[in-house]
Every structure is written in structure tokens, then in C-alpha cells.
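Right, one structure below, let's go through it.
The values are calculated or read from the model by the stated rules, or taken from the named source; none is laboratory data. Quick caveat: nothing in here was measured; it's all calculated off a predicted structure. Reconstructed Cβ throughout: ideal geometry from the backbone, glycine too, with neighbour counts over all protein chains shown. Protein only, heavy atoms only, side chains kept; ligands, DNA and RNA dropped before computing areas. Shrake-Rupley method; radii C 1.70, N 1.55, O 1.52, S 1.80 Å.
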Amino acid sequence: MSTRTLSLAVLATVALLHGRAQGDDEWPGLRGPHHDGSAARGSRFATDAGELAVRWRTPLGSGYSGVAVARGRAVTMFTDGAQDVLAAFDAASGRPAWRVPVADAYKGGDGSFDGPIATPVIAEGRVFAFGPRGQLLAVDLASGGTLWQVDVAAREGARKPHYGFASSPVVAAGVLVAQVGADKGRAIAGFDVATGARRWTAGEDEVHYQSPAVVTLGGRALVVAVGNARVFGIDPATGAVRFEHAHGGMSADIAAGSAVPVPAGEGRVFVKTHLDTSTMLALKEEADGKIAVQVLWTAPALKTTYSVPVYHAGHLYGMNGRTVLTCVDAATGETKWRSREPGDGFPTLVGDEIVFLTKARTLHVGAASPQGWIERARLDLFKDLVWTAPSFAAGTVFARSQGELARVEWRAAAPGLASAAGGDAAQSPAFARFLQEVERAGDKTAAVDAFLAGIPAGPLVDPPDRVVFLYRGAAKDVGIATDLIGARREDPMRRVPGTDLFFYEARVDPASRVSYQFVRDFEPPMPDPRNPRRVPGQGPTEASSLAMPGWKEPSHLGGAPPAQVGRLEKVEFASRARPGAKGAVHVYLPAGYDGSERRYPVAYVLDGDGARDKGLVPGSLDLLMPARVQPALVVFLGRLEWGGPPPEDQGAAVAQVLVGDVVPLVDGRFRSLAEAKGRAVVGNFFAGISAVRAAFDASAPFGSLGLQSLAMLDSDEADLLPLVRTAAERPLRLYHDWGKYDAHATREAWDMRVTNARFNQLLRGKGYAPSGGEAPDGTGWASWRNRTDLLFEALLPARP
């Protein structure tokens with residue numbers, strides 16, 4: 001049953017079970033006083049006319065930990081660069097109160113920032129925290145004195161997830177409960193709050209980054225915890241498992257692997273389970289004390305996100321994907337509305353209002369209403385990215401970024417001033433003039449018709465570098481996805497008032513080319529209907545291409561004369577290097593191969609299916625050979641079937657199949673130049689990892705290496721860099737390029753442009769001289785195929 005609907009008698013029972021009722025001025029842990037992301041009942045924050053204002057701010061180190069507030073202290077965790085710390089600040093002034101070292105700084109990687117992930121919990125004058133290396137500790141709230149500390153990895157056999165321990169503990173019935181992830185029925189553990197001694201363990205499941213919640217059923221506190229495969233309901237006092245339910249979800253980190261259960265009405269718990277769906281469970285207490293679990297609905301809502309939704313008056317409010325705030329009927333799973341505003345971020349419920357903190361550093365207030373998102377106030381709060389939901393205590397908001405902690409209050413607005421920010425003025429002079437004209441026009445439709453008829457198809461390019469993307473048509477909402485803003489992001493397009501024309505402005509390098517797609521009314525992405533230039537998109541649908549005036553169109557993407565056209569021969573194989581695996585190659589045989597007896601050099605292209613279908617590489621080879629590229633066999637290796645679960649290190653496995661199976665197959669069946677100097681290996685993005693491994697294989701089977709937009713996260717870098725030998729040790733002809741607008745995430749800690757530039761410098765430091773470099777382009781096959789000529793000219797130069 002939701003704590004929002006509990007009777008006074010049940011509230012009294014819950015207060016006894018928890019030791020004492022949390023005061024109205026407290027936010028004791030990750031999900032607040034009610035474990036559902038809502039503030040104390042009866043809050044009137046932002047109910048009167050006013051605006052958001054910063055009371056104080058103070059610097060922090062990076063981390064994901066939320067802010068717990070109690071007894072005049074605001075407590076969080078972060079890294080100071082040398083150590084991860086648990087720190088308290090005076091809630092009234094923001095001045096530091098104490099700081100406790102937890103362990104050596106936990107370095108982020110593979111897209112994550114440095115620092116702790118879990119949020120501390122405050123109970124009965126103690127602070128309990130769980131560090132990313134596995135330190136579970138208790139600290140006196142007033143003084144910061146350490147009361148006890150336990151290494152759960154060493155003592156409990158807990159297994160550290162890739163990004164570190166992340167479970168935010170809860171306190172219920174006088175027991176500290178955390179998901180520690182040990183095996184043999186010890187996924188969840190209860191600890192004595194006074195000593196840290198283990199009180200009980202429960203649950204057979206794998207734990208990644210989930211946190212438990214406390215719900216109340218039949219007047220009794222129940223800890224609900226989600227593992228990678230199951231949901232558990234546990235009596236916090238004894239550790240007795242009152243229910244266990246196989247949720248059938250996916251262990252992916254952004255699915256069940258980071259689930260936090262959300263109380264959502266009487267006897268209901270919302271659980272994120274799959275990449276494409278989430279689930280509402282109904283809990284019913286039975287006569288024998290067990291709890292029956294029923295799946296009320298499974299729906300494609302509030303999924304593919306790390307943000308945890310909130311529940312209010314029959315509806316859930318949270319992120320659907322990484323860009324869209326969504327309202328869902330908690331009884332049916334039906335989506336009531338979707339909004340691109342206020343952006344990608346984290347909600348907290350305060351009374352009838354949603355306080356929303358975006359990754360893009362802004363704080364917003366809007367009504368929790370099934371009628372839609374109506375913003376009442378916004379504040380540009382931080383300079384650093386945000387990955388933490390706001391907390392609410394003592395009538396104010398406590399929020400943190402990757403670099404600051406701030407307390408924000410609601411103040412009466414100055415007379416005549418609106419608290420909500422308006423849109424920015426157009427920066428393109430040509431488009432600004434149009435906006436003025438359409439504002440004055442009596443017939444706005446005719447004004448839009450005339451404007452579009454007077455400009456070329458596609459985006460409006462206002463030299464030298466202003467671009468206005470334009471969509472016209474019946475729509476309630478239009479977003480844009482483009483290389484310019486990076487991966488995992490869609491930005492809202494603005495409607496020209498009184499028209500059906502939407503626009504989005506950007507600055508683009510005058511000599512560049514980028515891809516983009518529109519997202520109309522949250523449907524699948526689509527190309528620009530006004531732009532005939534189509535290119536492969538990042539998903540199954542096509543994208544549109546914007547070529548700036550200084551962009552040079554590649555000449556090798558046209559059709560070759562019949563006499564220059566080669567042919568493809570498909571060969572299937574079963575792997576000996578990886579028993580059970582099988583695959584196929586398409587071998588490009590250049591014009592003249594069949595009438596010749598000569599031996600040809602060979603280029604092995606990984607991600608061969610993409611290279612053939614989206615990269616149009618065979619057609620480019622027809623045009624490039626023999627004038628610019630020497631005639632060669634080009635082997636396109638398709639997707640492998642592993643005959644079981646995919647190997648953990650697919651990059652190494654693909655390289656193993658390439659060297660152990662494909663090269664011998666080609667040398668035995670075709671007239672190849674069967675020596676290292678006659679072989680090249682080519683890989684783009686993730687396939688580039690396999691290409692690097694193969695090029696530096698101990699057997700030295702290749703003399704040339706071609707890389708485009710190498711997708712290298714921190715763990716890949718750590719694995720690959722030790723393999724790279726010097727040019728003297730392993731002579732290689734090298735080509736390496738990446739795009740100016742290549743794959744990057746503006747709200748996560750990864751940028752393939754940076755890692756490619758760094759890898760290129762490493763190669764140069766090893767004595768290599770790779771051709772290529774940064775290209776004025778985006779990412780994906782729409783970009784890579786523009787440089788097929790440069791790549792093959794470098795690896796297989798035409799004979800003089």
C-alpha cells in the first residue's frame with residue numbers, strides 16, 4: 001500500500017518499525033522519507049507565486065551520490081581526486097562540517113565519471129555509506145567519527161560490479177539493508193546498525209547497480225529488492241523472504257541491472273525490467289504470511305533510463321528513454337503524455353509539484369498532472385553535468401552536480417517578473433528576418449509557403465556557419481537527432497508561433513558534412529522530408545545529410561563502367577579457432593581476376609555486412625582500381641554466429657577467427673599474396689578493436705592496418721594499448737581517421753573524438769606515421785564511406 005494513502009494507525013506502526021518517524025525537515029536517503037522519491041507530506045513548496053533562488057552553493061568533487069539531509073546536516077559522497085570521501089555540510093550555510101575518507105579514489109571509466117555512486121542513509125544520528133570499492137561504514141552524524149567499517153568484498157564474498165558497488169542502503173526495523181551481490185543466497189544482507197555485524201543474508205541473484213526500497217504491506221515494513229533476474233520481498237528484522245518473483249527481465253545495466261523499485265499505490269510496486277518495457281507488480285498478503293505477486297501490466301514506458309520515476313495520485317512521472325519526460329497511468333501502463341521539456345534528468349515529488357534536475361544543469365518546477373508538463377519555474381543552476389536526483393528537506397531543494405552542492409529555495413518573485421525563461425532569439429540573420437515577417441503576416445501559412453519556396457531544399461544555411469533545420473507538417477512535437485549534438489540525445493525543435501513550421505539552429509563548420517534525423521510525435525526517427533540527400537542512419541531508418549558549402553563531394557561513390565566492375569563470391573565456413581562458431585565472407589574479386597593468373601594482395605574488412613550494404617565499398621573499389629588503388633582481393637567478414645552465448649571479449653574472439661580461420665581460408669581458395677606485406681586489415685568503430693588485435697597478433701599476419709572511428713572506451717584502451725608495439729618491432733602501413741563530429745556523449749564521460757586523437761598520438765609516439773586524421777564529417781557509414789578512397793589508397797597504393 002502506498003504510504004500516501006496510509007491511515008494514521010498504520011503510520012504510527014511504521015514509525016515504530018523504523019525506530020522513529022522521519023521529521024518534515026529530513027530527506028534520510030536515496031528516495032526520501034517514503035522511499036518513493038517524494039518529500040514529506042503536506043509540503044507547499046512552490047505553491048505560491050515565486051521563483052527559484054540559490055541560498056548557498058559549495059564546491060564538491062565528482063560522484064553520483066545523492067544528498068541525505070537530517071538534523072541540520074547535508075551529507076553526500078564524492079571524490080577529492082585522491083580519496084573517495086563521505087562529507088557533511090551545515091544545511092543552513094553550506095559550510096563543511098566534517099569529512100571522512102572512505103578509500104582510494106574510484107576512477108570512472110567506460111562512460112562513467114570518477115567517484116562514489118551510492119547515496120548515504122541517515123538514521124538515529126548515524127550515517128551509513130557504501131563505497132564503490134565495497135567499504136560499508138557507519139559515521140556519527142554530529143561529529144563525523146567512524147563507528148564501524150566493513151569490507152563486504154572481503155568479509156561477505158561480495159562481487160564488485162564493473163562500475164563499483166552502487167547499492168544505496170536503507171534502514172528498516174533497526175537493520176541496515178544493502179544489496180551486496182554475494183553468491184550462495186547472499187545477494188542482499190542485513191547488518192546491525194550499532195556494530196556492522198551481519199544479521200542475515202537472503203536472495204540468490206546477481207546484483208549490479210540496484211538499490212532496495214522499503215514499502216509497507218499490511219502494516220509491516222517490507223524491503224523490496226530487484227536483482228538481475230528476480231524481485232525479493234524481505235522482512236527487514238529477520239531476513240525472511242516473504243516473496244520471490246522471477247521478473248524475466250534483462251540484466252543490462254540500463255534495464256534491470258539498475259532497477260530501484262517504486263511504491264506506486266496500494267499494494268503496487270513499479271519495476272524497470274527490460275530495455276523496451278517496464279512492469280507493475282501487485283503484492284497481496286496471504287493467510288500464511290507469504291505474499292502473492294501478480295503482474296498487473298508490462299508496457300513500453302519509463303524504460304531505457306537510469307532515472308527513477310515518482311508516483312503521484314494514480315500516475316507515474318519519469319523518463320522514457322534519455323530524452324522524454326513521460327506520464328503513465330499506474331493502473332494500466334497507458335502513456336498519458338510525453339514532453340521533451342524540461343529535458344533529460346531526474347524528478348523528485350514535492351507536494352503536488354515535480355522538482356526536476358536535468359543533466360544539462362537546470363532546475364525546473366512543474367505540476368505533477370496527467371494533463372501535461374506545464375513549467376512554473378526554471379533556474380540555470382550548475383556549470384557541471386548532473387547525474388543525481390534532487391533532495392528536499394526543510395522546505396528547500398538540495399541538489400548536486402559533478403562539481404558543486406547547492407541549496408535552492410522558493411522566493412516571492414519581484415513584481416512584474418516572470419520566473420520561467422523564454423526561448424532564445426534566432427541567431428541566423430536570414431531566419432530572424434523571416435520570423436519578423438511571419439509575426440506581422442496576416443496569412444502566416446502563405447508567409448511560410450513563400451519562405452520555403454525561396455530557399456534550397458533541406459536546412460537553411462546562412463553563411464558562414466549558421467544552419468537552421470526545418471520541419472513542416474502536422475505535429476505536436478518534433479525533435480532532432482544529429483551528429484552535432486552527439487549520441488543518446490534528441491533536442492526539441494521550436495514551433496514558429498501560429499504555424500506548422502518547426503526549427504532548430506546550430507553552428508556547423510563551413511567545410512563539414514553531418515547526418516541528422518527528425519523525431520515527429522515520438523515516433524521512430526525519420527529523414528528530413530524536404531531534403532533529398534539520404535544516407536544510412538544509426539538505426540534501421542535512413543538519415544538526411546547536410547553538406548556545408550565548403551564540403552567536397554567524394555567522386556568514388558558513383559557508378560563504374562562495366563569493364564571496371566568486380567564481383568563478389570560468398571564463402572561460408574565453420575570455425576576451427578572457435579569451435580561452434582560459424583560465419584561467411586564475401587570476397588571481392590577485381591575486374592580481370594578471372595582472366596589472370598597473378599596473385600593479389602588482400603584487404604580484410606571487418607563489419608563486412610555494413611561495409612557492403614551501407615558503406616558501398618564494392619562500388620567504390622570498382623572506381624578506384626586500378627588508377628588509384630592497386631587491384632586486390634577485398635574480403636568482407638560478416639557477423640559471426642557463436643553457437644552459444646557471445647564471448648565476453650568479442651573483439652578478441654573476432655580477431656582469433658580472422659587470423660585462425662578466414663586468412664587460411666582465403667589463401668587456400670583464392671590467388672592471394674599469402675604473406676604479411678600483402679595483407680591489410682580494416683576495422684571501423686567496434687570492429688576496429690578486432691582490427692588492432694589482429695594487426696598486432698603474435699603471428700604477424702598483416703602488414704597494413706586501417707582504422708576509422710575506433711570505438712575505444714577506457715577498458716578497451718587498457719586492453720589494447722599494451723598490444724601496440726613500436727614501428728621497429730612491427731612495421732605496419734597505417735591509416736586512421738575519425739570525424740570532427742564523431743560519436744560522443746555530451747552528458748556522459750566518453751568521447752570517441754578524444755580517444756581517437758589520443759590513440760593517433762600513441763601510434764606516432766611508437767614511430768608510426770598514420771595517414772588520415774580528423775575529417776570534417778560525422779560518424780557511421782554515412783561518414784566512413786566518404787573516405788574509402790583515402791583508406792585504400794593508403795593501404796594498397798596504385799603501382800607506378
Let me know the shape class of region 754-800, please: from the alpha-carbon gyration tensor, a ≥ b ≥ c as square roots of the eigenvalues, rounded when a/c is under 1.5, otherwise prolate if a/b is greater than b/c, or oblate. oblate
Given a 1.4 Å probe and every protein chain left where it sits, what share in percent of the accessible area of the chain is carbon and sulfur? 51 percent
For ALA229, other-chain or 5+-apart residues with amide H closer than 5 Å (H placed, Pro excluded) are GLU206
When DSSP beta bridges are limited to those with both residues in region 581-654, what percentage is antiparallel, rounded to the nearest 5? 55 percent
Can you give the net charge of the other residues whose Cβ lies under 10 Å from the Cβ of GLY66, counting K and R as +1 and D and E as -1? +2
Pairs of alpha carbons in the chain whose separation is greater than 36 Å (percent): 52 percent
Could you tell me how many cubic angstrom of Cα convex hull volume region 267-354 has per residue? 100 Å³
With every protein chain in place, what's the accessible area of LEU435 (1.4 Å probe, Å², nearest 10)? 40 Å²
Please give the charge dipole size of region 441-492, origin at the Cα centre, charges +1 on K and R Cβ atoms and -1 on D and E Cβ atoms. Round to the nearest 20 debye. 120 debye
Could you give me the ³J(HN,Hα) list for region 750-760, computed from phi with Karplus coefficients 6.51, -1.76, 1.60 and θ = phi - 60°, whole Hz, x at Gly and Pro? 8, 7, 5, 5, 5, 5, 5, 4, 5, 5, 4
Leaving ligands, DNA and RNA out of it, work out the accessible area of TRP98 with a 1.4 Å probe and give it in Å² to the nearest 10. 30 Å²
Whole number in Å², please: accessible area per residue of the chain, 1.4 Å probe, ligands, DNA and RNA not counted. 38 Å²
Cross-link candidates for LYS107: which lysines have Cα within less than 22 Å, leaving aside residues fewer than 8 places away along the same chain? LYS160, LYS359, LYS383
Treating the beta-carbon of each Lys and Arg as +1 and of each Asp and Glu as -1, no other charges, what is the dipole magnitude of region 239-286 about its Cα centre, to the nearest 20 debye? 60 debye
Expected 222 nm ellipticity per residue - DSSP helices of 4 or more, -39500 (n - 2.57), all of the chain, to 500: -3500 deg cm²/dmol
Is the shape of region 532-657 best called rounded, prolate or oblate, per the rule: a/c under 1.5 gives rounded, else a/b larger than b/c gives prolate, else oblate, with a ≥ b ≥ c the square roots of the Cα gyration tensor eigenvalues? oblate
Straight-line reach check, LYS290, cutoff 27 Å on alpha carbons, 8 or more apart in-chain or any other chain, hits among lysines -> LYS184, LYS272
Just to make sure I understand: if all protein chains stay in place, what is the order of VAL193, VAL602 by accessible area at 1.4 Å, largest first? VAL193, VAL602
Which whole-Hz couplings ³J(HN,Hα) result when phi for each residue of region 84-95 is put into the Karplus expression 6.51 cos²θ - 1.76 cosθ + 1.60, θ = phi - 60°, listed in order with x for Gly and Pro? 7, 10, 9, 9, 10, 10, 5, 5, 7, 10, x, 5
Return the Rg/Rh ratio of region 652-800 with Cα-based radii and a Kirkwood Rh. 0.96
Explain nothing, just the number: dipole magnitude of region 624-700 about its Cα centre with +1 on each Lys and Arg Cβ and -1 on each Asp and Glu Cβ, in debye rounded to the nearest 20. 420 debye
Keeping every protein chain in place, order LYS290, LYS476, LYS444, LYS284 by accessible area at 1.4 Å, biggest value first, i.e. largest first. LYS476, LYS284, LYS290, LYS444
Net charge, GLU675 excluded, C-beta distance under 12 Å - Lys, Arg +1, Asp, Glu -1: +2
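What is the gain in length, in nm to one decimal, between ILE374 and THR47 on full extension, counting 0.36 nm per residue of separation less the C-alpha to C-alpha distance?
Numbers: separation 327, 0.36 × 327 = 117.72 nm, distance 1.36 nm.
So the chain would gain 116.4 nm between ILE374 and THR47.
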Mind jotting down the three principal axis lengths of region 444-537 based on Cα atoms? Whole angstrom, largest first. 34, 31, 21
Starting from 0.36 nm per residue, how many nanometres of slack lie between THR201 and SER555 once their C-alpha separation is accounted for? 120.8 nm
Which shape class, rounded, prolate or oblate, goes with region 130-230 when its Cα gyration tensor gives a ≥ b ≥ c as root eigenvalues, a/c under 1.5 marks rounded, and past that a/b bigger than b/c marks prolate? oblate
Considering the dipole of the chain built from charges on the beta carbon (Lys and Arg +1, Asp and Glu -1) around the Cα centre, which of LEU791, ALA406, PRO701 is farthest to its positive end? PRO701
Under a 1.4 Å probe, counting only protein heavy atoms, ASP449 has an accessible area in Å², nearest 10, of 70 Å²
